[in-house]
1. Under unit Cβ charges (Lys, Arg +1; Asp, Glu -1), what dipole magnitude, rounded to 20 debye, does chain A have relative to its Cα centre?
2. Which far-off residues, 5 or more places away or on another chain, put their amide H under 5 Å from the one on A:V7, with H placed in the peptide plane?
3. Rounded to whole Hz and in sequence order, give me ³J(HN,Hα) for segment B:55-61 from the Karplus expression 6.51 cos²θ - 1.76 cosθ + 1.60, θ = phi - 60°, writing x for Gly and Pro.
4. What's the average, rounded to a whole number, of partner chain beta-carbon atoms within 10 Å of each residue's beta-carbon in B:61-68?
5. Mind listing the phi-derived Karplus ³J(HN,Hα) values for segment A:198-208, rounded to whole Hz, using 6.51, -1.76 and 1.60 with θ = phi - 60°, and x for any glycine or proline?
6. Counting only complete DSSP H runs, which helices of chain A cover 15 Å or more along their long axis at the Cα atoms and score a mean Kyte-Doolittle of 0.0 or above?
7. I need the peptides A:42-51, A:96-105 ranked by packing, meaning the mean over residues of other C-beta atoms within 10 angstrom, with the highest value on top.
8. Using DSSP, restrict attention to beta bridges with both residues in segment A:1-123 and report what percent are antiparallel, rounded to the nearest 5.
Amino acid sequence: MRAAVVVFPGSNCDRDLAVAFERAGADVTMVWHKDSELPEGIDIVGIPGGFSYGDYLRCGAIAANSPICKSVATHAGRGGYVMGICNGFQVLTETGLLPGALLRNAGLKYICKTVGLKVETSASDFTAGYNAGETIDIPIAHHDGNYFADADTIAMLEGEDRIAFTYTDNPNGAQADIAGILSQNRRVLGMMPHPERAADAGHGGTDGVALFRALAGALATA
Amino acid sequence: MKARVHVMLKAGVLDPQGEAVRHALGAMGFAGVQGVRQGKVIELDLAEGTTEADVTRMCEKLLANTVIESYTVEMS
């Protein structure tokens, strides 16, 4: 598996994500936001958490229009894998690679804690390492994680089995308790919780490891 | 020339910040505030010849997220 991790000014989970990919066996290249091309032969692009461009205008809005994001969209359009975590999820909704938007948390507070997630589907290369219905513990750390989409979009996501994870105890007001969703081809994942922060025993939890291992398994033969 | 763009959350999209402001106004003794919606105003300094259609494209591509926000453009 060859992974690229995008670094924006203000990204702060880029190195954690790179380590999580490396631990799963990936060869990782860091890519700067001003680069206009991804390196050759990349299987998956990781868009990390943080505060790209200071969250100016809207979280993820300016990053979504950066030079590198054009090539990320091209990569996704060719069937390439993309994973956006936290601010990365916000970037993916702003680019239109995933539907919906992330609003301010309903309780207005920034929330940083470990939460329970229900794995809604194991039918993706991101979630194949879990059993559908299983509950895992993954940290969240966000101010704008309240997933919003119109009723038709929510129904479509449910109907197409594209909700990857839901919160067991909704912390932010997200519609349908949504914590993470998949693209129609199931190769783009956006999620607010941070699996890369639950990928080492030193983190206090390792429930995120199965995600990176499943990806490495699927993409090793790609 | 200038343009002023107003960006607001669409009707039906919860605005928790507006709600917090409404609560605060009530707690301060301002009676009768039934709803508060908070948005933003973006002022653009434009070269002569920039059209309202240009500003509309800016809104669609960057200044507003039309999934959750609506916008209006005032040219002056």
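1. Roughly 300 debye, rounded to the nearest 20.
2. Result for A:V7 returns A:V31, A:W32, A:H33.
3. 5, 4, 5, 4, 5, 5, 8
4. 6
5. 9, 10, 7, 4, x, 6, x, x, 10, 5, x
6. A:67-77, A:209-220
7. Peptide ranking by packing, descending: A:42-51, A:96-105.
8. 5 percent
Readers should treat all values here as calculations from the given coordinates under stated rules, not as data from a laboratory. For clarity, every value in this text was computed on a predicted model and none was experimentally measured. All Cβ positions, glycine included, derive from the backbone under ideal geometry; neighbour counts span all protein chains shown.
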